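Take a look at the structure set out below.
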Amino acid sequence: MALSARLEIRQGQGLVITPQLQQAIKLLQLSNLELEAFVEAELERNPLLQRDEPEAAPEAPVEDAPVSEIADHSADLDSVHDEVSPGEHATGDAPEGQGAADAGGSVDWSRAGKGGFDGDLDGLEDSLSREKTLTEHLHDQLAVSGLDPAHAAVASVLIDSVDEGGYLRIDLVELAERLGCGFAMIERAVGVLQGFEPTGIAARDLRECLALQLKERDRFDPAMEALLDNLPLLAKRDMPALKRACGVDDEDLRDMVAELKALTPRPGAQFGGEPSQPVAPDVYVREGQGGLWHVELNSDTLPRLLVDQRYHAQVSKAARSDQEKVFVSDCLAQANWLVRSLDQRARTILKVASEIVRQQDAFFAFGVEHLRPLNLKTVAEAIGMHESTVSRVTSNKYVATQRGLFELKFFFTSAIQATEGGEAHSAESVRHKIRQLIDAESREEDVHSDDRIVEILKEAGVDIARRTVAKYREAMRIPSSVERRRALKSGG
């Protein structure tokens with residue numbers, strides 16, 4: 001067969017995302033600290049950008065400059081807010097059925113996330129090469145722990161309260177009151193965290209940290225417990241008093257002290273990462289009148305920039321060569337793009353946060369046990385955006401509420417489908433039903449097998465598989481029906 005070169009014309013469709021739009025999408029997933037660093041770099045690079053200080057008064061509004069890639073928005077971010085009630089959707093400032101851009105804009109933000117592009121992988125190599133932080137390590141273990149949503153939510157809050165050394169630094173009684181749950185739920189979540197690696201993590205003090213490590217080594221006997229109860233004597237090197245307190249001789253005491261020295265007093269110190277910094281909320285949620293929840297952006301974390309139109313007019317007149325004119329034109333376009341992209345980012349965050357608050361209003365009113373099943377798709381469909389956009393917005397964004405500071409991803413929980421098309425049940429509520437059934441067992445004849453529990457739950461309108469019941473039961477550390485019967489028979 002002869003080979004020859006020829007020209008062909010083919011017609012096809014494809015999604016083309018400009019570099020500016022790629023950068024605008026990336027802005028959505030930046031935390032406020034990362035955004036501040038990005039803005040600082042842009043201020044140094046672009047002479048037409050300046051901070052919008054209170055005394056500054058731009059001669060021409062930014063909205064007058066046309067930008068083809070980003071939709072035009074002209075709201076004062078300080079006054080952007082929304083009120084959300086359980087019975088109405090939060091639509092922010094965008095018309096229903098559109099994305100975060102106005103009808104006059106050329107970019108449909110509700111569709112921008114549907115196409116893949118290489119920019120999404122930027123930073124992947126860095127994230128793989130850097131050391132994992134203690135918080136990330138604990139959250140990874142929490143994700144596979146099998147805890148129900150309510151307990152997982154409590155554990156997530158506790159993880160964020162673990163310091164660099166691995167110690168739990170939070171008042172548990174105050175936390176229970178703030179989250180609206182029982183103290184037993186807090187204690188159980190602490191117990192789960194203390195079972196994570198590294199051993200000794202989430203301890204309240206040095207004694208508890210060392211005790212956890214000794215228990216794992218099966219060395220927490222009465223003598224060692226007495227030694228831990230008298231750590232101040234060990235610090236003073238009062239060996240005679242220690243021997244009396246522990247009831248051991250010199251040789252045993254030396255061995256016990258050597259064992260303590262082999263333990264790790266700061267189990268979290270082995271992990272890398274930057275020193276923890278205080279988290280500034282991106283959104284505030286406050287209770288308003290009539291049961292409404294008032295949602296507003298934190299203006300302190302929003303970079304306020306403007307384009308210096310006066311300076312632009314001066315340098316435009318002074319530009320002589322084509323290179324200088326192109327540079328000034330590019331700086332103007334980039335400055336206008338950044339200002340509008342920041343405005344768009346703020347509006348999108350507000351819109352997503354408002355819908356999350358609407359969906360999870362029971363949590364704000366009654367506490368963590370009232371978290372509803374929620375996923376990215378539900379929020380995305382409600383506000384007319386793509387799931388990938390919602391995912392970016394909820395990453396590294398925090399909301400300050402009367403119950404504490406939470407990442408927006410905190411409010412997404414799993415669901416169990418109902419029978420006969422009823423409303424879905426949260427996984428937490430299903431686990432609670434399973435525990436209630438098992439707690440009610442008082443005789444051998446009352447013990448329910450996993451299959452019987454499935455039947456009872458289906459009669460109550462919960463569609464669940466037997467393997468799911470078994471998984472939930474094991475996650476709650478509940479023995480099998482055979483073991484429970486044996487325990488009841490023996491009177492245990």
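The values are calculated or read from the model by the stated rules, or taken from the named source; none is laboratory data. If you're wondering where the values come from, they're calculated on a predicted model, not measured in any experiment. As a convention, Cβ positions derive from the backbone with ideal geometry for all residues, glycine included, and neighbour counts pool all protein chains shown.
Some points to look at:
- Flag for K351 being among the basic types (K, R) and either more than 30 Å from F364 (Cβ to Cβ) or in contact with a Cys (Cβ under 6 Å, 6 or more places away or on another chain) (or both): no
- Total residues in the range 168-179, condition within 15 Å of E208 (Cβ to Cβ) and surrounded by 20 or more Cβ atoms within 10 Å (Cβ to Cβ): 1
- Filter result for the condition that a residue is in contact (Cβ under 8 Å) with a residue 12 or more places away in the chain, under 30 Å from V399 (Cβ atoms) and not charged (D, E, K, R), over L231, L297: L297
- Residue, surrounded by the fewest Cβ atoms within 10 Å (Cβ to Cβ), within the range 141-167, restricted to residues that are at pLDDT below 85 and either charged (D, E, K, R) or assigned to a loop (DSSP other than H, G, I, E, B) (or both): V144
- Scan of the range 242-264 for residues that are small (G, A, S) and closer than 22 Å to E208 by Cβ, ordered by number: A245, A258, A262
- Check on V379, among the β-branched types (V, I, T), in contact (Cβ under 8 Å) with a residue 60 or more places away in the chain and buried (at least 22 other Cβ atoms within 10 Å of the Cβ): no
- In the range 236-247, the residues that are over 11 Å from A226 (Cα atoms) form Cβ pairs under 8 Å with partners that are in a helix (DSSP H, G or I) and of a type outside the set (S, T, Y), at six or more places apart or across chains, as follows: M239/D250; M239/L253; A241/L233.
- Summed over the range 458-492, the residues that are assigned to a helix (DSSP H, G or I), out of contact with any Asp or Glu (no Cβ under 7 Å at 6 or more places or on another chain), hydrophobic (A, V, I, L, M, F, W, C) and closer than 16 Å to G146 by Cβ give a count of 1.
- Verdict on E455 being surrounded by fewer than 14 Cβ atoms within 10 Å (Cβ to Cβ), in contact (Cβ under 8 Å) with a residue 24 or more places away in the chain, not in a loop (DSSP other than H, G, I, E, B) and not assigned by TED's automatic domain parsing to the domain that holds R188: no
- Residues satisfying the stated conditions in the range 311-324, i.e. over 26 Å from R51 (Cβ atoms) and either touching a helix residue (DSSP H, G or I) at 6+ places or on another chain (Cβ under 8 Å) or assigned to a loop (DSSP other than H, G, I, E, B) (or both): R320, S321
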